[in-house]
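A.B. asks: First the structure, then my questions, so here it is.
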Amino acid sequence: MEGYKFPEGFLWGGATAANQCEGGYNLDGRGLSSVDVVPFGPERMNVARGVRKMLSCEEEFEYPAHEAIDMYHHYKEDIKLFAEMGFKCYRLSIAWTRILPNGDDEIPNEVGLKFYEDLFKECKKYGIEPLVTIDHFDTPIALIKKYGGWKSREMIDAYLKYCKAIFTRYKDLVKYWITFNEINMLLHMPFMGAGIVFEKGENRDNILYNAAHHELLASAKAVKLAHEIMPDSMVGCMLAAGQFYPYTCNPDDIWDGLEKDRDNYFFIDAQARGSYPVWAWKRMEALGIDLDWQDGDDEILKSGTVDYVAFSYYASRCTTADPEVFEKHKRSGNAVFRAVENPYLKCSEWGWQIDPLGLRVTLNTLYDRYQKPLFIVENGLGANDVLEEDGSIHDPYRIDYLRQHIEAMRDAVNKDGIPLLGYTAWGCIDLVSASTGEMKKRYGMIYVDKDNEGNGTLNRYKKDSFFWYKKVIATNGEDLQ
Ligand code: BGP
């Protein structure tokens, strides 16, 4: 449709995270990080949830982050492919332990600093704007051993030391930042999100709310520091979004959905508004939380509100207040969020429900709530692709998924007037799945020859979606066919 597109300067691109693509986990002085010890296989979720303690690599396990797709050595080739697709923006994360191997070193590791400097310069060479996640599921193991991860307030100073090192070094190369990836994931995957392992007898809720408080303070201080060092910078928070729909119109289900949404909004309310919502205090009181609230914390939260709200969106969620209905319809896919099947939606091969209109709902809800520019920094379909003998990959299912979601966001922008900074498709190049550790759960427009067992040439191939997305970007979202 004529004139039915995106604003000038809209940041089209793709997104990755260091631990899921870089590899080189022990090279050039890099220290060990939480994600390096989250194994492949049935124990993965137990470790990610902080139920099983694994603070070093154990022989009988395979650790997908160690090599991943070896972007550490392939980044020039990969960025060239991103440029060929016409990317305006590339979202990546910095591995904390490449910069500060022990998490709080006084002197940063020059080799690590130089690696990202070269990578950002490579992006700039093609006119690609880097968008940097400071902490994407990444807590230095040394700090987990020293402090118990984000259970401790000490983490704030360590995080700020890391921020200072990267802000100072990259101030002329990076404008867009995100303080924590999917900060609400801390509640669902505490080890992955915050380096938390639960010891016997510990009060789970007390630990989680305190860790959340520490991350929120760290985020606010980082925003303030970024603005001091880089007055033009844009610093955002990041939510694993997807509204909870009530399973029925029974008011009990409506209330249940509202409560579940609050688990997620809790974080963004603090980061975008600069204070906890009233119900959060009541909730903590009811749970008997002993919050590590210190004098001045309210000023810290107030002085570090974000410039924009970024989020990932894969699907909406569905909930019921009725335990019997829950048992009968509970969803097997996406083990991270407890939810029931929505009978109106189809599923991906991994059981994630597909709801493009839910993206428009999310954009509207978040804008109504915060009145800050939004940024979709993850969206995509994990699927099992087939590499044909001639090197082609036909992924019409991915094109369909992306087309429908881009249409929904185009409606949100054009018909609802939502201010949106950009869209970075998740895993624009195949990478390790965060929840399953698999390689075969592929999101990319670029195929990487590697299987779940770690075999493959690591060669890169263009999928059909590569050429489709190139056209979408070239027409600024006008041609989605
Ligand atoms: C988000 C994470 C990403 C990413 C994505 C897809 O939660 O921020 O790191 O992996 O989900 O999930 P998965 O890899 O489990 O399919």
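A.B. asks: Please name which of Pro42, Cys57, Cys318 has its Cα lying farthest along the dipole of the chain towards the positive end, using unit charges on Cβ (Lys, Arg +1; Asp, Glu -1) and the Cα centre as origin.
C.D. replies: Of Pro42, Cys57, Cys318, it is Cys318.
A.B. asks: Let me ask you something else. What whole number of Å gives the distance from the Cα centroid of segment 192-259 to the Cα centroid of segment 1-65?
C.D. replies: 19
A.B. asks: May I pose another question? Can you sort Trp279, Trp293, Trp468 by solvent-accessible area, 1.4 Å probe, largest first? Each step should come with its number before you reach the end.
C.D. replies: Working: Trp279 40, Trp293 95, Trp468 15 Å².
Highest to lowest solvent-accessible surface, that is Trp293, Trp279, Trp468.
A.B. asks: While we're looking at this one, here's another question. Label segment 244-308 by shape, choosing from rounded, prolate and oblate, from the square roots a ≥ b ≥ c of the eigenvalues of the Cα gyration tensor; if a/c is under 1.5 it is rounded, and otherwise prolate applies when a/b is larger than b/c, oblate when it is not. Before the final figure, lay out the partial values.
C.D. replies: On the way: a/c = 4.12, a/b = 1.70, b/c = 2.43.
It is oblate, given that a/c is not under 1.5 and a/b is not larger than b/c.
A.B. asks: Need the full-extension length gain, Asn455 to Glu60, defined as separation in residues times 0.36 nm minus the C-alpha distance. One decimal, nm. Mind showing how you got there, number by number?
C.D. replies: Values: separation 395, 0.36 × 395 = 142.20 nm, distance 1.76 nm.
Contour length minus Cα-Cα distance gives 140.4 nm.
A.B. asks: Counting only C-alpha contacts under 8 Å and six or more residues apart, can you give the relative contact order of segment 21-178 as a whole percent?
C.D. replies: Details: 233 pairs, mean separation 44.0, N = 158.
Over segment 21-178, the number comes to 28 percent.
A.B. asks: While we're on this one: No solvent, one uniform scatterer per C-alpha: report log10 I(q)/I(0) for segment 1-139 via the Debye equation at q = 0.09, 0.11, 0.20 1/Å, two decimals.
C.D. replies: Each listed q maps to, in turn, -0.33, -0.47, -1.17.
A.B. asks: Still on this model: Would you please give the residues with an amide H less than 5 Å from that of Arg317, counting only those at least 5 places away or on a separate chain, with H modeled from the backbone geometry?
C.D. replies: It is Gln243, Phe244, Tyr245, by chain and number.
A.B. asks: Determine the sum of side-chain charges near Lys161: Lys and Arg each +1, Asp and Glu each -1, restricted to other residues whose C-beta is under 9 angstrom from that of Lys161. Before the final figure, lay out the partial values.
C.D. replies: On the way: positive: Lys164; negative: Asp104, Asp105, Glu106, Asp157.
Here the charged neighbours net out to -3.
A.B. asks: A further question follows. Would you please classify the overall shape of segment 288-363 from the alpha carbon gyration tensor, given that a ≥ b ≥ c denote the square roots of the eigenvalues, rounded means a/c under 1.5, and beyond that prolate means a/b larger than b/c while oblate covers the rest? Present the calculation step by step, with values, prior to reporting the outcome.
C.D. replies: On the way: a/c = 3.36, a/b = 1.72, b/c = 1.95.
It is oblate, given that a/c is not under 1.5 and a/b is not larger than b/c.
A.B. asks: Let me ask something additional. Name the helices (complete DSSP H segments) of the chain with a Cα length along the long axis of 18 Å or more and a Kyte-Doolittle mean of at least -1.0, or state none.
C.D. replies: Working: long enough: 71-85 (21 Å, -0.71); 110-125 (22 Å, -0.71); 154-170 (25 Å, -0.02); 204-229 (37 Å, -0.09); 251-273 (29 Å, -1.16); 356-370 (22 Å, -0.17); 396-414 (26 Å, -0.84).
Sorted by number, the helices that extend far enough and score high enough are 71-85, 110-125, 154-170, 204-229, 356-370, 396-414.
A.B. asks: Quantify, in whole percent, the carbon and sulfur part of the accessible surface of the chain (1.4 Å probe; protein heavy atoms only). Each step should come with its number before you reach the end.
C.D. replies: On the way: 9210 of 18430 Å².
Ligands and nucleic acids excluded, carbon and sulfur give 50 percent.
A.B. asks: Which three semi-axes in whole Å describe the equivalent ellipsoid of segment 312-471, each the square root of 5 times a Cα gyration tensor eigenvalue, listed largest first?
C.D. replies: 28, 22, 13
A.B. asks: While we're looking at this one, here's another question. Just going by the charge dipole of the chain, with Lys and Arg at +1 and Asp and Glu at -1 on Cβ, which of Leu381, Leu208, Thr305 is farthest out on the positive end?
C.D. replies: It is Thr305, whose Cα lies furthest towards the positive end.
A.B. asks: From the phi angles alone, apply the Karplus equation (6.51, -1.76, 1.60; θ = phi - 60°) to segment 15-28 and give each ³J(HN,Hα) in whole Hz, x where the residue is Gly or Pro.
C.D. replies: 9, 9, 10, 3, 5, 9, 9, 5, x, x, 5, 10, 8, 6
A.B. asks: Where a Cα-Cα gap under 23 Å defines reach, which lysines qualify for Lys53, not counting those fewer than 8 residues away within the same chain?
C.D. replies: Hits, sequence-local ones excluded: Lys145, Lys146, Lys151, Lys200.
A.B. asks: Above 24 angstrom, tally the Cα pairs of segment 181-337 and express them as a % of all pairs, no decimals. Provide the component values of the computation, followed by the final result.
C.D. replies: Working: 4974 of 12246 pairs.
Every Cα pair in segment 181-337 considered, those over 24 Å come to 41 percent.
A.B. asks: To continue, here is another question. Using only the Cα atoms of the chain, what do you get for the radius of gyration and for Dmax, in Å?
C.D. replies: When restricted to Cα atoms, the chain yields Rg and Dmax of 21.0, 65 Å.
A.B. asks: Can you tell me how much longer the chain between Trp255 and Leu291 gets when fully stretched, taken as 0.36 nm per residue apart minus their C-alpha distance, in nm with one decimal?
C.D. replies: Working: separation 36, 0.36 × 36 = 12.96 nm, distance 2.59 nm.
Extra length from Trp255 to Leu291 when fully extended: 10.4 nm.
A.B. asks: Place a +1 charge on the Cβ of each Lys and Arg in segment 219-320 and a -1 charge on the Cβ of each Asp and Glu, then give the dipole magnitude about the Cα centre in debye, rounded to the nearest 20. Don't jump to the answer; show the numbers that get you there.
C.D. replies: Values: 9 positive and 17 negative charges, 55 e Å.
Here the size comes out at about 260 debye.
A.B. asks: Answer rounded, prolate or oblate for segment 133-183, using the Cα gyration tensor with square roots of eigenvalues a ≥ b ≥ c: rounded when a/c is under 1.5, else prolate when a/b is larger than b/c, else oblate.
C.D. replies: Details: a/c = 2.69, a/b = 1.79, b/c = 1.51.
In terms of gyration-tensor shape, prolate.
A.B. asks: Here's another thing I want to ask about it. What does the highest-first list of 183-194, 99-110 look like by mean Cβ count within 10 Å?
C.D. replies: Values: 183-194: 24.9, 99-110: 18.4.
The packing order, highest mean first, is 183-194, 99-110.
A.B. asks: Now a separate question. Using the Cβ atoms and a cut-off under 12 Å, what net charge is assigned to the surroundings of Arg91, where Lys and Arg are +1 and Asp and Glu are -1?
C.D. replies: Working: positive: Lys88; negative: Glu129, Glu378.
Around Arg91, the charge tally is -1.
A.B. asks: How large is the accessible surface per residue of the chain, computed with a 1.4 Å probe and reported in Å² as a whole number?
C.D. replies: About 38 Å² of surface per residue is accessible.
The values are calculated or read from the model by the stated rules, or taken from the named source; none is laboratory data. Predicted model, so just to flag it, every value in this text is computed and none were measured. We place every Cβ from the backbone using ideal geometry, glycine too, and count neighbours over all the protein chains shown. Just so you know, the surface numbers come from the protein's heavy atoms only, side chains and all, with ligands and any DNA or RNA stripped out. Shrake-Rupley method; radii C 1.70, N 1.55, O 1.52, S 1.80 Å.
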